[in-house]
Amino acid sequence: MNSSQLKITVTGLTDKGLVREDNEDGFLVDYKTDESPRVIAVADGMGGHEGGEVASALALEVISSWCERLEQRGSDSLSEAVLDANRVVWSKAKEDDALDRMGTTLTVGFIDDSHVHLAQVGDSRAYLLRGGTLQQLTVDQTLVQQLVDSGEITQQEAIRHPQRSFLTQSVGTEPDLSVDRISIELLAGDRLVLSSDGLHGYVDNDTIRQALQDNPDSKRACKALVDAANNAGGHDNVTVLILDASGDGGGEPGGGAVASQDATPILVSKPELGARPKKRSRALIGVGAAVVLAGILWGGMFLLKQATTAHVVTTQKGRVVILLGSPGTDERAPQGEVVERSNLELASLPETFQRELRAGITARSLEEARSFIDSLRNEVPQRLEPSPPPPPPAEVPGPIDATPPPSGTPAP
Ligand code: CA
């Protein structure tokens with residue numbers, strides 16, 4: 001189909017879900033002067049305090065400021081736009097302690113005639129519904145995806161993996177990053193979906209496909225997908241953007257009109273698979289941990305780099321312990337007095353967690369620190385633990401050898 005015959009419309013919806021107090025997701029739809037959509041984007045922010053909201057909003061603002069240039073210069077500038085967003089979020093995080101370690105996912109689509117050029121950082125996703133088949137176009141930049149790529153776990157195991165939100169890259173957490181790029185040519189009837197992990201983290205692909213097919217009207221389809229995420233618990237903010245490409249004759253979005261066509265994405269630059277450069281690990285894992293903590297475990301805990309006195313989960317003599325003190329820095333280990341020593345062995349945990357624990361993970365209370373250790377124990381996949389710890393012997397009351405914290409402990 002000739003591009004001039006394609007009519008492209010975009011609808012978006014974001015919802016804070018049923019559990020979170022704030023919505024750290026955001027989306028962008030930018031239009032050309034002829035009112036056809038030019039740039040679409042979804043960002044899913046993360047970080048303590050207001051960091052997540054600031055990071056996603058800031059990244060989208062920068063992308064918005066690039067729309068004109070993208071139209072003039074073409075899709076080659078897309079990575080540049082994302083790198084600019086990274087620089088801006090990174091700088092903001094450095095200048096404001098309250099925003100330290102904030103970051104965001106960013107999935108951007110630049111619409112150029114009948115082509116959509118995608119740029120991807122993090123684990124928000126782009127899907128294409130074509131001929132009744134839903135295809136994931138983007139590759140998640142997550143620890144779990146790396147495990148899939150290396151053959152350690154299957155795609156099926158990845159779906160419910162407890163560390164599925166653990167990002168290997170995000171916008172604003174490191175001074176540099178590599179942007180995945182994918183381009184597709186749209187056909188009449190195509191439906192492109194951009195979504196945050198509040199959708200795909202809780203709703204399977206079949207449900208997404210069904211909701212898209214059952215609701216040709218894009219507003220209804222957005223609502224159906226957000227409802228599906230909320231019906232699955234609504235644990236996370238959820239954002240859905242739907243782009244419909246229709247021909248002159250209309251046609252059902254994502255329907256059967258082009259059933260014989262395969263949705264084969266054209267890789268502009270191959271997504272970087274496997275281990276990423278080591279220099280990224282430190283800060284990214286910090287963000288990853290924040291995501292795991294905030295997104296899966298309790299929703300309340302966050303990482304404090306500048307905390308004065310706090311409960312810090314770290315390691316001593318090969319075991320995971322809770323300190324009352326100050327978290328570490330790149331140069332020095334966390335300092336303080338051990339208030340509880342667990343029987344969890346550092347070596348039984350994945351390497352990424354080991355590194356994070358050596359630097360120290362700060363909790364807002366002793367309870368949160370205990371919960372974190374329990375979560376580590378319970379949620380680390382079996383195959384990543386050479387020998388899962390046996391159930392605690394009868395004389396040990398619980399997984400943690402409770403030593404009461406000193407009285408008069410100040411609340412962090
Ligand atoms: Ca999310």
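Quick notes on this one:
- Measuring r between the beta carbons of LYS317 and ASP227 and using R0 = 35 Å, the FRET efficiency lands at 0.10.
- Each Lys and Arg Cβ is given +1 and each Asp and Glu Cβ -1; about its Cα centre, the stretch 1-132 then shows a dipole of about 480 debye.
- Taking all Cα pairs closer than 8 Å and separated by 6 or more residues, the relative contact order of the stretch 1-71 comes to 25 percent.
- Each peptide in 91-103, 53-65 was scored by the mean count of other Cβ atoms within 10 Å over its residues; highest first, the order is 53-65, 91-103.
- For the stretch 124-203, the alpha-carbon coordinates run over 38, 31, 24 Å along the three principal axes, in decreasing order.
- Label zone at ASP112 (point 7 Å along Cα-to-Cβ), backbone N below 13 Å, the stretch 52-76: 69-76
- Distance (nanometres) between label positions extended 7 Å along Cα→Cβ at GLU50 and GLU152: 3.8 nm
- Extension gain for ARG73-GLU337 works out to 89.3 nm (0.36 nm per residue, less the C-alpha to C-alpha distance).
- Cα-centre dipole for the stretch 55-187 with unit charges at Cβ (Lys and Arg positive, Asp and Glu negative), debye to 20: 320 debye
- Peptide packing: for 163-169, 12-18, 136-142, 125-131, the average count of neighbouring Cβ atoms within 10 Å per residue gives the ranking 163-169, 125-131, 136-142, 12-18, highest mean first.
- Above-threshold pairs, the threshold being 26 Å between Cα atoms, out of LYS7/LYS223; LYS32/LYS94; LYS92/LYS317; LYS16/LYS92: LYS32/LYS94; LYS92/LYS317
- Anisotropy class of the stretch 1-120 from Cα gyration tensor, a/c 1.5 cut: oblate
- Positive end of the dipole of the stretch 59-172 (Cβ unit charges, origin at the Cα centre): among SER114, THR138, GLY74, the Cα lying farthest that way belongs to THR138.
- Distance between the modelled labels on THR133 and ASP22, one decimal in nanometres: 4.2 nm (7 Å Cα→Cβ projection).
All of the numbers you see were taken from the coordinates with simple rules; none came from a lab. In this text, all values refer to a predicted model and were calculated from it rather than measured experimentally. Cβ coordinates were reconstructed from backbone atoms using ideal geometry, including for glycine residues, and neighbour counts include every protein chain displayed.
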